[in-house]
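The structure under discussion appears below in the form of structure tokens.
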Amino acid sequence: MTPSATKSGSYRVGSLLADFQPDFDFDAPLPLPVEEFEDRLRRIRRQAVEAGHDALIVHTGGVGWFHTSNHYLRYICDWMREGVLIIPTDRDKPLTLLSFFTQSVLLPPGGEPVLVEDIWQIGPIGREYADRPGDSIVKTAEKCAELLAGMGLAKAQIGRIGDRTSLTFWAALDELMPKTKFVADNAIVDRMQKIRSPREITMFRAAAQLISIATQAAYHVANPGVTDHEIYAAFTQAQLSHGGETGDGYQIGINEFGTHCGKPYGHVVRTGDLINLYVSNVTYRGYTAQTARMIAVGPITKRQEEVLEACTEGVKRAEKLIRPGALMRDVNNAAFEPMIERGMLGSPEARSMPYNWAPMDDGSARLIPRQYVKNIDWEAQGRKLMHVYPATHGPHNPNLGHSVGMAGGQNSFNISSHNYDRMEEGMVFVLHTQWLEPLSAGCNVGDIYVVTKDGFENLSRHTPLETHRIAAEG
């Protein structure tokens, strides 16, 4: 039992990693060259012209923990923090950036903006923070309106690119510029996320290598008696020390049922545990990779072995179909064949498939079963697990995978039964098969791929897809 979540992990993880060495060399690419950003800007401006815009305004907000709300500014000009970027459609007019309007005290490097001439510091203000009147978002809008008017754009058509954090800013700008026609046009940049350049692919490859290094570190320390905190810390230390940008993009799930999508809470590894490393993202220079791996500690149940085998085989069947021109639906459906053959599913169709977070069949809310579930490590901390997670059996998602892009970006496509698009060279995506049966069995395994001219490259090939096995307690 572990009465304290940090009793051992605060000092032991260093010794656990003392003799760790990954079995391959990490290839760390340099930042993207300026020419790559120049090409992006050229394409963005061309699409803006086609849409009839005289300028674009790109807004990226802050969401806490020194993270931005979207990837737009990093993609366009490599700016890592919040800001508003003014992009005149005319090629002879420079970019202007308004920033420093939140309390996130991040300074470049990294992130000196590329191709930007003037940067205006708005400043976080307000009575409580600075004992000054005003609102930083409104002040940002006021300065933006002033700059646009100075460019002769007070009565222009301007495209907007942002997200939900942009709403207050957009509203203030509407009020300040009533004669300007603003048009939401995120698609200008979103469309550019589907196919990746060769230099971008080097970034995805590096991020995937960081995951492989971190996974090997987790395997190195994972043994009976080690806590989930220590495994998580080993994973984090390994990838951050090689150039990873953040340590909060992944989950670890450990119990005797194989439940994934968790965070460390003080679980002590024991014989019979199934461990899932669900790496939703590790980030390198703004680009992310995603994988999932399973670890079995000692002997596990027959049903658990069946589920592990079905999921692993599913990824391998789907992988064989990856190539330019392949129908995404076919790749998706191939992965579910092993589950259908074993009677776990009746169909690969997303519309009819059960999945862990599904509502009821009629679309109404599903009640999560209330039931006491024994968990000695949680109870040692004075708490009890009183609900069954997940609420229902099936895959974690009703599809096989999705695109992988920049940190903070949304999926540009899903690998699903209802996606009839064809794969193209330069697409980057994860294929992960998942299955959970409440209080019984679970698995989540997957790799990240890039479509090449002749087929594919498995970017996460440095750690096998198969379940990693750890000997039982002596």
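Among the strands (runs of 3 or more DSSP E) confined to segment 249-351, the ones with at least 2 residues that are hydrophobic (A, V, I, L, M, F, W, C), within 30 Å of V450 (Cβ to Cβ) and assigned by the TED database to the domain that holds L431 are located at 274-284, 287-297. Selection of segment 352-372 for residues being charged (D, E, K, R) and either in contact (Cβ under 8 Å) with a residue 24 or more places away in the chain or outside the structural domain of L385 (by the TED database) (or both) yields only R366.
Take the conditions open to solvent by 50 Å² or more (accessible area, probe 1.4 Å), within 29 Å of the chain's Cα centre (by Cα) and assigned by the TED database to the domain that holds R164 and apply them to Q103. Does it pass? Judged against the criteria, Q103 is a match. Looking only at residues of segment 144-168 that are surrounded by fewer than 18 Cβ atoms within 10 Å (Cβ to Cβ) and free of Cβ contacts under 8 Å to residues at least 60 places away in the same chain, we find that the one that is nearest to Q121 (Cα to Cα) is E146.
Is it the case that segment 127-136 has a residue that's under 26 Å from G409 (Cβ atoms), open to solvent by 10 Å² or more (accessible area, probe 1.4 Å) and part of a helix (DSSP H, G or I)? Within segment 127-136, one or more residues are under 26 Å from G409 (Cβ atoms), open to solvent by 10 Å² or more (accessible area, probe 1.4 Å) and part of a helix (DSSP H, G or I). Quick one: is Y355 over 23 Å from N332 (Cβ atoms) and part of a loop (DSSP other than H, G, I, E, B)? Criteria not met by Y355.
When you check V445 against the structure, is it in contact with a Cys (Cβ under 6 Å, 6 or more places away or on another chain) and either open to solvent by less than 50 Å² (accessible area, probe 1.4 Å) or of a type in the set (A, V, I, L, M, F, W, C) (or both), yes or no? Judged against the criteria, V445 is a match. Of the residues making up segment 22-79, those that are in a helix (DSSP H, G or I) and under 30 Å from Q239 (Cβ atoms) are V34, E35, E36, F37, D39, R40, Y72, L73, R74, Y75, I76, C77. Looking at segment 327-350, can you tell me whether even one residue there is touching a residue at least 24 places away in the same chain (Cβ under 8 Å), in contact with a helix residue (DSSP H, G or I) (Cβ under 6 Å, 6 or more places away or on another chain) and within 28 Å of R196 (Cα to Cα)? Taking every residue of segment 327-350 in turn, at least one turns out to be touching a residue at least 24 places away in the same chain (Cβ under 8 Å), in contact with a helix residue (DSSP H, G or I) (Cβ under 6 Å, 6 or more places away or on another chain) and within 28 Å of R196 (Cα to Cα).
Is it the case that segment 375-391 has a residue that's in contact with a helix residue (DSSP H, G or I) (Cβ under 8 Å, 6 or more places away or on another chain), crowded, with 20+ Cβ neighbours inside 10 Å and part of a loop (DSSP other than H, G, I, E, B)? No; the residues of segment 375-391 include none that is in contact with a helix residue (DSSP H, G or I) (Cβ under 8 Å, 6 or more places away or on another chain), crowded, with 20+ Cβ neighbours inside 10 Å and part of a loop (DSSP other than H, G, I, E, B).
When F66, F37 are checked against the criterion of being modelled with pLDDT of 95 or more and under 30 Å from the mean Cα position of the chain (by Cα), a single residue qualifies: F37.
The values are calculated or read from the model by the stated rules, or taken from the named source; none is laboratory data. What you see is a predicted model; the values in this text were computed from it and never measured. Because the Cβ atoms are built from the backbone with ideal geometry, glycine has one as well, and the counts that use them run over all protein chains shown. Remember, those area values only see protein heavy atoms, side chains included, never the ligands or the DNA or RNA. Shrake-Rupley method; radii C 1.70, N 1.55, O 1.52, S 1.80 Å.
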